[in-house]
Amino acid sequence: MAHDHHDHDQGQEPPSDLALRVKALETLLVDKGLVDPGALDAIIETYEQRVGPRNGARVVARSWVDPDYRARLLRDATAAIAELGYTGRQGEHMIAVENTDEVHNLVVCTLCSCYPWPVLGLPPSWYKSSPYRSRAVIDPRGVLAEFGVTLPDEMQVKVWDSTAEVRYLVVPQRPPGTEGLDAAGLAALVSRDAMIGVALAGARP
Amino acid sequence: MNGVHDMGGMHGLGPIAPDPDEPLFHAPWEARVLAMNLAAAAWGLYNIDTSRHARERIPGPDYLRMSYYEKWLAGLMDLLTQTGQITREEVDAGRPDPAQARLTPPLTAERVAAVIAAGGPATRDVAAPKRFAIGEPVRARNINPTGHTRLPRYARGRLGVIERDHGVHVFPDTNAHGLGEQPQRLYGVRFTAFELWGEAARVGDSVHLDLWDDYLERP
């Protein structure tokens, strides 16, 4: 939705109406003492600098090289992910779903935009858009085709609709020919999209 | 509520068109809207279910037209005015009511990292009956509440199987409306794609939803 509707009010263009309205609201909230502008900066910095899909990639790569960690991740993802220091808002109750030769997993939130922030950061626009939210549950293979992913006919597709506070992380399959890589090298092969389930690991690093 | 936000299974909403070079924020104001939502919520005057319901109460045509952070802005304005934290007059004037004393924000920059890392778990340590067992067939009830619910229309009346017991979670349908958390058991429920979508579905494919006790009945 509205993928072409975003205001581009950086650079030389005058501020958009939205930018002005947001600025006015922030001024009001700060003047009333409802929000601390330093806290706003710190929140933005958190998601720009520290909390993003590199976190999830480290979780996936660790599960590829460490069978005990993989077992813990599949048994209690919240605890296993916390071992690597990733906890908190929008990831309080985590479940890891593993792709195999027989099963491919895909995550969506049809009702809003639920997404595992501690491991993937803030969701991309397409994840929050009407086209993805509407079709992921009824036509997952058609959706995957739009991302350039074609699955074998016999592969089972499981779609996870995040209707509660449980958040899902897809553990993609380790690409063939990566036996010589360590966890850091493997993490570089794990894209955000592979951990949502609309890409395969190694396809779009 | 049967709003346009409940869009699972709809056709005709356009191509997905992912942008591989998409920035985290398309403009600085989007980041400020995100941050104001998180910071204002620290007052604890509303909860996550209230916030979601504020966004889904945006009129349908507007909801479909607005970008994501426009919806977050509209929802925030709604929440702040509903709770009396700001007034329409203050928004119009662009400055605080001079009769009101300046407050002290609960969320400071120093506390942001800890608050984000702590999050807000939805589980509650209270006893709640296990009405259903893993592997048991269930039907999602055919309910059409006018308030907040997390039972999508596409699953209502459909047969599924209990796959997982997530423990006892806050119930959004009441929590969104100031009717209490009413914690109850939350289950992972598997529906076959065939049950949901009929014969066009691929045999073996499935859709998995997390559903509260009150959404389920014995078939």
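Grab the beta carbon distance between B:Arg218 and A:Arg141, set R0 = 41 Å, and tell me the FRET efficiency rounded to 0.05. Kindly include the intermediate steps, with their values, before the conclusion.
Numbers: r = 33 Å, r/R0 = 0.80.
Working from the Cβ atoms, E equals 0.80.
Apply the a/c threshold of 1.5 to the C-alpha gyration tensor of the range A:100-205 and tell me whether it is rounded, prolate or oblate.
Numbers: a/c = 1.97, a/b = 1.35, b/c = 1.46.
Oblate, because a/c is 1.5 or more while a/b does not exceed b/c.
With the alpha-carbon atoms as the only input, what is the per residue convex hull volume for the protein assembly as shown in Å³?
Working: hull volume 63.3 nm³, N = 424.
It is 149 Å³ per residue.
Across all directions of projection, what mean area in square nanometres is found for the Cα convex hull of the range B:155-197?
Values: hull surface 14.4 nm².
Its average projected convex-hull area is 3.6 nm².
With an 8 Å cut-off on Cα pairs and a minimum separation of 6 or more residues, tell me the relative contact order of chain A in percent.
Values: 305 pairs, mean separation 50.8, N = 205.
RCO, chain A: 25 percent.
Looking at the range A:13-87 from every direction and averaging, what is the projected area of its Cα convex hull in nm²? If you can, show how the numbers build up before the last one.
On the way: hull surface 31.1 nm².
Result: 7.8 nm².
If you project the alpha carbons of the range B:9-160 onto the principal axes, what extent comes out on each, in Å, largest first?
59, 45, 33
Going by C-beta contacts inside 10 Å, put B:Trp72, B:Trp29 in order with the fewest on the left.
Numbers: B:Trp72 20, B:Trp29 24.
With the fewest neighbours first, B:Trp72, B:Trp29 line up as B:Trp72, B:Trp29.
Which value, in Å³ per residue, describes the convex hull spanned by the Cα atoms of the range B:137-217? Kindly include the intermediate steps, with their values, before the conclusion.
Numbers: hull volume 6.4 nm³, N = 81.
Measuring per residue, one finds 79 Å³ for the Cα hull of the range B:137-217.
Output the relative contact order of the range B:5-95, whole-number percent, from Cα pairs under 8 angstrom with separation of 6+ residues.
Numbers: 36 pairs, mean separation 25.4, N = 91.
Computed over the range B:5-95, the figure is 28 percent.
Neighbouring Cβ atoms within 10 Å as the yardstick, rank B:Phe194, B:Phe25 fewest first.
Numbers: B:Phe194 15, B:Phe25 18.
With the fewest neighbours first, B:Phe194, B:Phe25 line up as B:Phe194, B:Phe25.
State, as an integer percentage, the relative contact order of the range B:155-219 based on alpha-carbon contacts under 8 Å between residues 6 or more apart.
31
Just for the Cα atoms in the range A:95-136, what are the lengths along the principal axes, largest first, rounded to whole Å?
Reported extents, whole Å, longest axis first: 30, 26, 14.
Name the shape class, rounded, prolate or oblate, that the alpha-carbon gyration tensor gives for the range A:159-204, where a ≥ b ≥ c are the square roots of its eigenvalues, rounded holds for a/c under 1.5, and otherwise prolate holds if a/b is larger than b/c and oblate otherwise. Each step should come with its number before you reach the end.
Working: a/c = 3.09, a/b = 2.37, b/c = 1.30.
Here the range A:159-204 falls in the prolate category.
Direction-averaged shadow area of the convex hull around the Cα atoms of the range B:79-219, nm²? Intermediate results must be reported in sequence, preceding the final value.
On the way: hull surface 53.4 nm².
Reported value for the Cα convex hull: 13.4 nm².
How much length is gained if the chain between B:Ala114 and B:Glu136 is pulled fully straight, taking 0.36 nm per residue apart and subtracting their Cα-Cα distance, in nm to one decimal?
Details: separation 22, 0.36 × 22 = 7.92 nm, distance 4.05 nm.
Here the answer is 3.9 nm.
Taking neighbour counts of Cβ atoms within 10 Å as a proxy for exposure, in what order, fewest first, do B:Ile16, A:Ile81 appear? Don't jump to the answer; show the numbers that get you there.
Working: B:Ile16 22, A:Ile81 26.
Listed from fewest to most nearby Cβ atoms, that is B:Ile16, A:Ile81.
Are there any helices in chain A, counted as whole DSSP H runs, that stretch 20 Å or more along their axis by Cα and score at least -1.0 on average by Kyte-Doolittle, and if so which?
Once both thresholds are applied, what remains is A:17-32.
Based on the alpha carbons, how large is the Rg to Rh ratio for chain A when Rh follows Kirkwood? If you can, show how the numbers build up before the last one.
Values: Rg = 19.0 Å, Rh = 18.6 Å.
That ratio equals 1.02.
How far apart, in nanometres, would the label points at A:Thr178 and B:Asp97 be if each is projected 7 angstrom from Cα along the Cα-to-Cβ direction?
Reported label-point gap for A:Thr178 and B:Asp97 is 5.8 nm.
Return the equivalent ellipsoid semi-axes of the range B:28-118 as a descending list in whole Å, where each equals the square root of 5 times an eigenvalue of the C-alpha gyration tensor.
Working: eigenvalues 95, 73, 31 Å².
Semi-axes (√(5λ), whole Å): 22, 19, 13.
Across the range B:36-82, how large is the tail of the calculated P(r) beyond 11 Å, expressed as a percent of all Cα pairs?
On the way: 700 of 1081 pairs.
Pairs farther apart than 11 Å: 65 percent.
Could you pull out the GluC sites (Glu not before Pro) across the range B:134-200 that fall in loop regions by DSSP (anything but H, G, I, E, B) with no more than 10 other Cβ atoms inside 10 Å?
Details: sites: B:Glu163, B:Glu181, B:Glu195, B:Glu199; in loops: B:Glu181.
Counting only loop positions with at most 10 other Cβ atoms within 10 Å, none of the GluC sites (Glu not before Pro) in the range B:134-200 qualifies.
Compute the long axis of helix B:109-118 from its Cα atoms, compare it with the longest principal axis of the Cα atoms of chain B, and write down the angle in degrees, 0 to 90, nearest 10.
For B:109-118 against chain B, the angle is about 10 degrees.
Compute the distance from the alpha-carbon center of the range B:172-219 to that of the range A:116-132, in whole Å.
The range B:172-219 and the range A:116-132 have Cα centres spaced 21 Å from each other.
Any read-out appearing in this document is the output of simple, stated calculations on the displayed coordinates, not a laboratory observation. This structure is a prediction, so every number in the text was calculated from the model and none was measured. Please note: Cβ atoms are built from the backbone with ideal geometry, for glycine as well, and neighbour counts cover all protein chains shown.
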